[in-house]
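First the structure, in the form of C-alpha cells, and then the observations on it.
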Amino acid sequence: MGQAVVHFEVIGKDGDKLKSYYSELFGWEIDSDNQMNYGVVQRDGNTNADGAGIGGGIAGAPEDYDGHVTFYIEVPDAEAALAKAESLGGSRVMGPDEVMEGLVIGLFTDPEGHLVGVVSGRS
C-alpha cells in the first residue's frame, strides 16, 4: 500500500484574505488560534458522503515569498523521503524542519518543478 496524502496547504501574500475566500467558497471553518496564525481546516466536517477528504491549512507567506499550493504525504522519515526525492531527480526546497514538537516537514520539487510536501511524526 502507498503512503497517504494527509494535508493540503495554501500559502499566499495575504493569508487573512485567502482564509476568508476559501471559507466563503467552500464553507470551511478555519481555526487560526495558534502562534503561527496558521488557518487549520479540520478533516472532520469536511468530507463527502463516502467519508473521503483531508484537512489542510491556509496562511500568509513570509516576506518576499509569493506562496504555494501543495499537498503533504505522511512518511515514516522526512529526511529519508527528501533524500529519495532528490535521488530520483527532484530538488529539496526545505527541511526537514520540526515545525511543532514531534511534527517534522520537508518540501521538494519533482522533476517538473511541482512543489510537494512530506510530513512525519503525526501520530
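Consider V99 carefully, then state whether it is modelled with pLDDT under 95 and β-branched (V, I, T). Here the answer is yes, as V99 does meet what is asked. Within region 48-74, the set of residues being under 24 Å from G121 (Cβ atoms) and either among the polar types (S, T, N, Q) or touching a Phe, Trp or Tyr at 6+ places or on another chain (Cβ under 7 Å) (or both) comprises I54, G56, G57, I58, A59, T70, F71. Going through region 86-106 one residue at a time, which ones are within 18 Å of G121 (Cβ to Cβ) and in a strand (DSSP E or B)? Residues satisfying the conditions are M94, G95, P96, D97, E98, V99, M100, L103, V104, I105, G106.
The residue pairs whose first member lies in region 97-115 and is charged (D, E, K, R), whose second member is in a strand (DSSP E or B), and whose beta carbons are closer than 8 Å, counting only pairs six or more residues apart or on different chains, are D97/V104; D97/I105; D97/G106; E98/V104; D110/V116. Taken over region 46-85, the criterion of being assigned to a helix (DSSP H, G or I) and either acidic (D, E) or open to solvent by 30 Å² or more (accessible area, probe 1.4 Å) (or both) is satisfied by E79, A80, A83, K84. Reported count of residues in region 6-45, each being under 26 Å from P76 (Cα atoms), assigned to a strand (DSSP E or B) and either open to solvent by 70 Å² or more (accessible area, probe 1.4 Å) or in contact with a Ser or Thr (Cβ under 6 Å, 6 or more places away or on another chain) (or both), is 2. Look at region 60-88: where a residue is closer than 20 Å to P111 by Cβ and a partner is among the aliphatic types (A, V, I, L, M) and loosely packed, with under 13 Cβ neighbours inside 10 Å, sitting 6+ places away or on another chain with Cβ atoms under 8 Å, you get I73/A4.
The values are calculated or read from the model by the stated rules, or taken from the named source; none is laboratory data. Quick caveat, the model's predicted, so the values are computed rather than measured. We place every Cβ from the backbone using ideal geometry, glycine too, and count neighbours over all the protein chains shown. Each accessible area value is taken on the protein alone, full model and side chains, heavy atoms only, with ligands, DNA and RNA left out. Shrake-Rupley method; radii C 1.70, N 1.55, O 1.52, S 1.80 Å.
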